[in-house]
Amino acid sequence: MKNKNMDLKKYIREIQDYPIEGINFKDITTLLKDEKAFRQVVEEISSYFANKGITKIVSLESRGFIVGGAVAYCINAGFVPIRKKGKLPSKTVKESYELEYGTDTIEMHEDALSEDDVVLIHDDLLATGGTALAALKLVQQMNVKKVYFSFICDLKFIENGNKDILSQYETHSLVEY
């Protein structure tokens, strides 16, 4: 049963200086292992997006897959994984981006979406917005009808141009820091 009064922040472990010194990592595995907190996350996101006509949930490797897949099931949408370079077996489109602590490249199958799709891009965390913006660029290559964003955590204290671009899209976050 859903408990809307549950403070999800209490279920997120913070790890100092991970993966590098100066980063305060938000570890959602402690939230996922609690059945009530996990259920609340999936139900809140599913409820928020249930009537928006979403046809595909696009989620980012790897923590985004966990909640993204559950939400796709709950709202009767397809699930599309975005993976790190070289992990998908068929032809892909790719996008490189900068992280708080380096650079990376993500890929999606080139036939994963169509112009008829309404897409929810889901990931566990919005920090600098680099990963989300890269995912948006991949999805935009497919000329989809509409894009939404969903995050478990949003690090509001990080402000930059990436987040300015993302602010043009309807975005839903459960926990803000």
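Of all the listed residues (L126, L133), the sole one being more than 17 Å from K52 (Cβ to Cβ) and surrounded by fewer than 23 Cβ atoms within 10 Å (Cβ to Cβ) is L133. Remark: E14 falls outside the filter, which requires a residue to be out of contact with any Phe, Trp or Tyr (no Cβ under 9 Å at 6 or more places or on another chain), within 21 Å of G102 (Cβ to Cβ) and outside any helix (DSSP H, G or I). Whenever a residue of the range 131-158 is hydroxyl-bearing (S, T, Y), its partners that are in a helix (DSSP H, G or I), lying with C-beta atoms within less than 6 angstrom and at least six residues away or across chains, give the pairs S150/I45.
If the condition is being over 14 Å from Q141 (Cα atoms), under 18 Å from the mean Cα position of the chain (by Cα) and among the hydrophobic types (A, V, I, L, M, F, W, C), then the range 88-119 contributes only L99. The set of residues from the range 97-138 being assigned to a strand (DSSP E or B), in contact with a helix residue (DSSP H, G or I) (Cβ under 7 Å, 6 or more places away or on another chain) and farther than 16 Å from V58 by Cα comprises Y97, E98, L99. Listed conditions (1) open to solvent by less than 80 Å² (accessible area, probe 1.4 Å); (2) at pLDDT 95 or above are all met by R13, apart from (1).
Could we say that A70 is of a type in the set (A, V, I, L, M, F, W, C) and surrounded by fewer than 16 Cβ atoms within 10 Å (Cβ to Cβ) here?
Spelling it out, it is not the case that A70 is of a type in the set (A, V, I, L, M, F, W, C) and surrounded by fewer than 16 Cβ atoms within 10 Å (Cβ to Cβ).
Considering only residues that are under 24 Å from K33 (Cβ atoms), among the hydrophobic types (A, V, I, L, M, F, W, C), under 11 Å from the mean Cα position of the chain (by Cα) and in a strand (DSSP E or B), which ones fall in the range 57-81? Passing the criteria: I57, L60.
Table: residues versus (1) surrounded by 15 or more Cβ atoms within 10 Å (Cβ to Cβ); (2) under 16 Å from H172 (Cα atoms); (3) of a type in the set (K, R).
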{"position": "T30", "(1), (2), (3)": "no, no, no"}
{"position": "G64", "(1), (2), (3)": "yes, yes, no"}
{"position": "C74", "(1), (2), (3)": "yes, no, no"}
{"position": "K85", "(1), (2), (3)": "no, no, yes"}
{"position": "K94", "(1), (2), (3)": "yes, no, yes"}
{"position": "T103", "(1), (2), (3)": "no, no, no"}
{"position": "H109", "(1), (2), (3)": "yes, no, no"}
{"position": "A112", "(1), (2), (3)": "yes, no, no"}
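The set of residues in the range 148-161 that are touching a Phe, Trp or Tyr at 6+ places or on another chain (Cβ under 9 Å) and under 13 Å from D123 (Cβ atoms) comprises Y148, F149, S150, C153, D154, L155. Reported count of residues in the range 136-177, each being acidic (D, E), modelled with pLDDT of 95 or more and open to solvent by 20 Å² or more (accessible area, probe 1.4 Å), is 2.
The values are calculated or read from the model by the stated rules, or taken from the named source; none is laboratory data. Everything numeric here is computed off the predicted structure, so don't read it as measured data. Every residue, glycine among them, receives a Cβ derived from its backbone with ideal geometry; neighbour counts consider all protein chains shown. We work out accessible area using only protein heavy atoms, side chains counted, and drop any ligands, DNA or RNA first. Shrake-Rupley method; radii C 1.70, N 1.55, O 1.52, S 1.80 Å.
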